[in-house]
1. Is it the case that the stretch 80-100 has a residue that's surrounded by fewer than 18 Cβ atoms within 10 Å (Cβ to Cβ), free of Cβ contacts under 8 Å to residues at least 24 places away in the same chain and farther than 24 Å from ARG126 by Cα?
2. Go through the stretch 101-123 and give me each residue that's within 12 Å of the chain's Cα centre (by Cα) and hydrophobic (A, V, I, L, M, F, W, C).
3. Taking the condition hydrophobic (A, V, I, L, M, F, W, C), over 14 Å from the mean Cα position of the chain (by Cα) and part of a helix (DSSP H, G or I), does LEU63 pass?
4. Among the residues of the stretch 125-143, write down those that are among the aliphatic types (A, V, I, L, M), within 12 Å of the chain's Cα centre (by Cα) and over 16 Å from ILE22 (Cα atoms).
5. Would you check which residues across the stretch 1-20 are hydrophobic (A, V, I, L, M, F, W, C) and part of a helix (DSSP H, G or I) and list them?
6. Identify all residues within the stretch 33-60 that are among the aliphatic types (A, V, I, L, M), surrounded by 10 or more Cβ atoms within 10 Å (Cβ to Cβ) and either assigned to a helix (DSSP H, G or I) or touching a strand residue (DSSP E or B) at 6+ places or on another chain (Cβ under 8 Å) (or both); write none if there are none.
7. Could you check, for the stretch 71-79, whether at least one of its residues is more than 17 Å from ILE135 (Cβ to Cβ), touching a helix residue (DSSP H, G or I) at 6+ places or on another chain (Cβ under 8 Å) and assigned to a strand (DSSP E or B)?
Amino acid sequence: MIIYLDVCCLNRPFDNQSQERIRLEAEAVLLILNRCQAGEWQLLSSEAIDYEISCIPDIERRLKVFHLVSLAQVKKKVNKAVKIRAQELEQMGFKALDALHIACAEMGNADILLTTDDRMLGRARRLQGSLRVRIGNPVLWLMEVVTGGSDENDAYRDSKEGC
């Protein structure tokens, strides 16, 4: 299984953990990274991830996030095909950097792109048929993989959206 974690996910373990959602997402990201490190799954990185991490103003946090992404065995370069696809995704309404991450995940043959960005998740849900990679939240996706189904996760997501 090839997994692409966007920079929101990679930052999550270093965010303020006082909110339950942030703690759950941080734990899910760390569990996913542990499985990648153990060789059960493969972490896909990209030049887009490197660029976004390099923009983190806090040097200590930037180094910690770079350390997490260093577990990736494969890095997708931002080539012409990725740029063209990112432009198409931007025209669908994704923010430029989100579009670049999606294009990298698609071209890197990722099975899943994980993000904690609710706007990106919402747009991806609406445009699911136009995307070449599945996009999900790390907690919900990990629950699905561990339990082998998504019925409970759908109920969880529906209840979360109602809040």
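Just so it is clear, none of the values below were taken in a lab; they were calculated from the coordinates. Keep in mind it's a predicted model, so treat the numbers as computed, not measured. Positions of Cβ are generated from backbone atoms using ideal geometry, with glycine treated the same way; all protein chains shown enter the neighbour counts.
1. yes
2. ILE102, CYS104, ALA105, ALA110, ILE112, LEU113, LEU114, MET120, LEU121
3. For LEU63, the condition - hydrophobic (A, V, I, L, M, F, W, C), over 14 Å from the mean Cα position of the chain (by Cα) and part of a helix (DSSP H, G or I) - is met.
4. VAL133, ILE135, listed by residue number.
5. Of the stretch 1-20, the ones hydrophobic (A, V, I, L, M, F, W, C) are 1-3, 5, 7-10, 14.
Selection gives VAL7, CYS8, CYS9, LEU10, PHE14.
6. Of the stretch 33-60, the ones among the aliphatic types (A, V, I, L, M) are 33, 38, 43-44, 48-49, 53, 56, 59.
The next check asks that each one be surrounded by 10 or more Cβ atoms within 10 Å (Cβ to Cβ); those that pass are 33, 43-44, 48-49, 53, 56.
Across the stretch 33-60, the qualifying residues are LEU33, LEU43, LEU44, ALA48, ILE49, ILE53.
7. Within the stretch 71-79, one or more residues are more than 17 Å from ILE135 (Cβ to Cβ), touching a helix residue (DSSP H, G or I) at 6+ places or on another chain (Cβ under 8 Å) and assigned to a strand (DSSP E or B).
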